[in-house]
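Colleague: This is the structure, below, for whatever I ask next.
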């Protein structure tokens, strides 16, 4: 296959709502986007102004030196689709680009892994560590010295006070508040609107709950 350019172009995986948000950020920052993939749309269709290249398998027709990937698949509680897609192409040696909105406020003292996405209105303070594949959605507030493990999904409007630890694969629902110093265990689900003031063990499901004594 012919090399597309001297620099790798971006292929966005997925064509749903989250993909649209990410694509808007990429366009605003003038990244070269080759197109997107989707399981339901037909090759050659247009979505968000981009051409559908085919299903995800079309990636295998490009070498790792030709393209970078952006994971546009959203996340729902207990769905592995997003993380499975990331894991598949990471194992094959493809690289995922991080996307940080121009309208996010990120301290210069934040460590950001590979394939991280930080959406508009997010505020991330000094000392925060964000591992690979994390999504921090619109308007989330992450205070100092928090640690966010790989493939964590932080929904819109979440607030994390200082020194919060989120272990890999957890899902934090919209508008949740995580109070200072707690740990959210791996693959736990925190329902929208919850206020969490105590540590939550792995694989625990919390639905709109206050876990501290007022």
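The values are calculated or read from the model by the stated rules, or taken from the named source; none is laboratory data. Everything quoted here is computed from the prediction, not taken from an experiment. Note: ideal-geometry Cβ built from the backbone for every residue, glycine included; neighbour counts use all protein chains shown.
Colleague: Has the range 189-196 got at least one residue that is assigned by TED's automatic domain parsing to the domain that holds residue 116, under 20 Å from residue 118 (Cα atoms) and buried (at least 22 other Cβ atoms within 10 Å of the Cβ)?
Modeller: Yes; the residues of the range 189-196 include at least one that is assigned by TED's automatic domain parsing to the domain that holds residue 116, under 20 Å from residue 118 (Cα atoms) and buried (at least 22 other Cβ atoms within 10 Å of the Cβ).
Colleague: Quick one: is residue 41 under 13 Å from the mean Cα position of the chain (by Cα) and outside the structural domain of residue 130 (by TED's automatic domain parsing)?
Modeller: Taking the combined requirement at face value, the residue does not satisfy it.
Colleague: May I pose another question? Going residue by residue through the range 12-32, is there one that turns out to be over 22 Å from the mean Cα position of the chain (by Cα), in contact (Cβ under 8 Å) with a residue 60 or more places away in the chain, under 20 Å from residue 91 (Cβ atoms) and not assigned by TED's automatic domain parsing to the domain that holds residue 119?
Modeller: no
Colleague: On the basis of being in contact with a helix residue (DSSP H, G or I) (Cβ under 6 Å, 6 or more places away or on another chain), under 24 Å from residue 69 (Cβ atoms) and either buried (at least 21 other Cβ atoms within 10 Å of the Cβ) or assigned by TED's automatic domain parsing to the domain that holds residue 23 (or both), does residue 101 make the cut?
Modeller: In short, yes.
Colleague: Further question on the same structure: When only residues in the range 113-132 that are in a strand (DSSP E or B) and buried (at least 19 other Cβ atoms within 10 Å of the Cβ) count, which is nearest to the chain's Cα centre (by Cα)?
Modeller: Looking at residues that are in a strand (DSSP E or B) and buried (at least 19 other Cβ atoms within 10 Å of the Cβ), I get 117.
Colleague: Looking only at strands (runs of 3 or more DSSP E) that lie completely in the range 1-91, which have at least 1 residues being within 20 Å of residue 136 (Cα to Cα) and in contact with a strand residue (DSSP E or B) (Cβ under 6 Å, 6 or more places away or on another chain)?
Modeller: Strands (runs of 3 or more DSSP E) meeting the threshold: 9-13, 67-71.
Colleague: When residues of the range 158-173 are filtered for being over 16 Å from the mean Cα position of the chain (by Cα) and either crowded, with 20+ Cβ neighbours inside 10 Å or over 14 Å from residue 128 (Cβ atoms) (or both), how many remain?
Modeller: Final tally of qualifying residues: 2.
Colleague: Let me ask something else. Out of all the residues in the range 133-143, is one or more part of a strand (DSSP E or B), in contact with a helix residue (DSSP H, G or I) (Cβ under 7 Å, 6 or more places away or on another chain) and surrounded by 20 or more Cβ atoms within 10 Å (Cβ to Cβ)?
Modeller: No, the range 133-143 contains no residue that is part of a strand (DSSP E or B), in contact with a helix residue (DSSP H, G or I) (Cβ under 7 Å, 6 or more places away or on another chain) and surrounded by 20 or more Cβ atoms within 10 Å (Cβ to Cβ).
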